[in-house]
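> What follows is a structure written as structure tokens; I'll ask about it next.
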Amino acid sequence: MHPTHTAQRYIPRMLAILFVTLLAAFTMATFSAGSAQADAVGTEYNFTISGNVQFNGKALDKVAIAVDGNGYQANTVTDAEGKWAIGVPEKGTYKVTLDEGTLPKGVIVAKGGNVIDAEFGLTDRRSVNFFLGEGTRNTVSFFDQFVNRFVNGLNFGLLLALAAIGVSLIFGTTGLSNFAHAEMITFGALMTLVFSVQLGLPIWLAILIAILLSGALGFGLDAVIWKPLRRKGVAVIPLMIVSIGLSLALRYLYQYFFGGSTSQLPGAGMADLKFGAISLSPIDLASMSISIVVLLAVAYFLLRTRIGKATRAVSDNPSLASASGIDVDHVIRIVWVVGAALAGLSGVLWAYFRPGVSWDMGFQMLLLVFAAVTLGGLGTAFGALVGSLIVGLFVELSTLWLPSDLKVVGALVVLILVLLFRPQGILGRKERIG
């Protein structure tokens, strides 16, 4: 077999190993950070919310505390002395929640509830204490928790699929694993923030403009960077390194122009609607509906349109597609535009799901996107969809058994198991020669 063909055979497997390694490192880093600072998080900030959880004079350790507000979220647990502290980026009102499920048996929040609104005064510290007593907690059944998190996982999987399909299409047509796709995700959310919050346009119009600008970003990046590099015959690995450098450059440009704080899009924080055991906000329902409609449109594009069929032909064998009269560069340009537009829309929905817009939000999602693409099969759009749904479900359902800081472990375990028995992914091929 020709050496080039041999290299092309092993590129998907090498990339799969790379993605698994990155995801494992990310998971271990998260776990280590959480373990090292169990009783104090956000120490880089100047403002602190703290407390001491005791019952009958006895300190309670490993009680989970969460702080949420002003686009910022953080979690911690009490130490052996019952103390906890969470740093926050700015003064304001924050919602402090004590997880009653982490209290010892027979201990409940006696009065005032397990959620307290904490507002800073003239000082940089705010103390919050919960009043505990004896009693029996009202618990939610495991089945109800499972159903609710299953629906949330489906919602997350659908928005993850929008980003993953773009990555998969770009890889299929160019062989490039685009690490700068994370910044395309962030770009869509940031543009929505600019046009809706800063310029005061209706949110639907701001989202539409953001998607169009995201597509224009993909067009520009291909025209200025990727097409010239392809014409020079630059290999896949150097291209991947370029994408990493581009990712870093764009990410810190976002931080320079938009700052390091988290901002909210209009409509975030709407009250949930109850459908039996399922609790969803109107934004969640809209997000799922939009994702399904867009994914159906992408499927129609790939299966029914001439450009879509040409895209699949280029993905299967670029040389044969070119010999058949297909303008490969034109197809790749369209793929970049479509992939970037999908990433931008995914960023908007991700900003509502998190919630909040920040300069590095796409990077927080990137490893899960790669996991979904690898799991479904590199270079296959429908494989990316299947992989995204599996990853989304496992990320949410794993929190039934694992701490929330380790919820990506579920996706990692499934990814490893699938790659052990089917290295090409669920819908991928054993071999791609072209």
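Coordinate-derived values only; no laboratory data. Predicted model, so just to flag it, every value in this text is computed and none were measured. Cβ: placed from backbone, ideal geometry, glycine included. Neighbour counts: every protein chain shown.
> Between exposed chymotrypsin sites (Phe, Trp or Tyr not before Pro) in the chain, where DSSP calls loop and at most 16 other Cβ atoms lie within 10 Å, what's the longest gap?
It works out to 46-400.
> What are the residues whose amide H is under 5 Å from the amide H of Val357, where those residues sit 5 or more places off or on another chain and H is modelled from the backbone?
Sorted by chain and number, the residues that satisfy this are Ser263, Gln264, Leu265.
> So if each residue of separation counts as 0.36 nm, and I subtract the Cα-Cα distance between Thr43 and Leu420, what length gain in nm does that give?
Extending this stretch completely gives an extra 131.7 nm.
> Looking at the calculated P(r) for the stretch 134-279, what percent of the C-alpha pair distances fall above 18 Å?
Summing the P(r) tail past 18 Å for the stretch 134-279 gives 69 percent.
> Right, here's the next one. Express in whole angstrom the spacing between the alpha-carbon centres of the stretch 268-292 and the stretch 352-420.
20
> Let me ask you something else. Tell me the label only: which of (1) 24.3; (2) 21.2; (3) 23.2 is Kirkwood radius over Cα pairs in Å as calculated from this structure?
(3)
> Follow-up. Quick one: Val109, Val293, Val314, fewest Cβ neighbours within 10 Å first, how do they rank?
Val293, Val109, Val314
> Let me ask you something else. With the chain treated as a Gaussian network of Cα nodes joined by springs under 10 Å, which of Lys309, Lys407, Lys58 yields the largest mean-square fluctuation?
Lys58
> To continue, here is another question. Can you run phi through the Karplus equation (6.51, -1.76, 1.60; θ = phi - 60°) for the stretch 356-365 and list ³J(HN,Hα) in whole Hz, with x for Gly and Pro?
Those phi angles translate into x, 10, 9, 5, 10, 5, x, 5, 5, 9 Hz.
> Which number gives the lysine pairs in the chain that have C-alpha atoms under 16 Å apart and are eight or more places apart or on different chains?
For the chain, the number of qualifying lysine pairs is 4.
> Take Lys111, Lys105, Lys83 and order them by how many other Cβ atoms sit within 10 Å, fewest up front.
Exposure proxy ranking, most exposed first: Lys105, Lys111, Lys83.
> May I pose another question? Do you know the relative contact order of the stretch 40-139, to the nearest whole percent, from alpha carbon pairs under 8 angstrom that are 6+ apart?
31
> I'd like the projected area of the stretch 40-139, averaged over all directions, using the convex hull of its alpha carbons. Report it in nm² with one decimal.
6.2
> While we're on this one: To the nearest 500 deg cm²/dmol, what mean residue ellipticity at 222 nm is calculated for the chain from DSSP H runs of n ≥ 4 alone, each contributing -39,500 (n - 2.57), summed and divided by the residues?
Using -39500 (n - 2.57) per qualifying helix, the result is -19000 deg cm²/dmol.
> Let me ask you something else. Which whole-number percentage describes the relative contact order of the chain, with Cα contacts under 8 Å and a sequence gap of 6 or more?
23
> Add +1 for every Lys or Arg and -1 for every Asp or Glu among the other residues with Cβ under 13 Å from the Cβ of Leu190, and state the total.
-1
> For a footprinting-style exposure proxy, rank Glu134, Glu90, Glu100 by other Cβ within 10 Å, fewest first.
Glu134, Glu90, Glu100
> Using alpha-carbon positions, what is the distance between the centroids of the stretch 148-203 and the stretch 54-76, in Å?
If we compute the Cα centre of each part, the gap is 32 Å.
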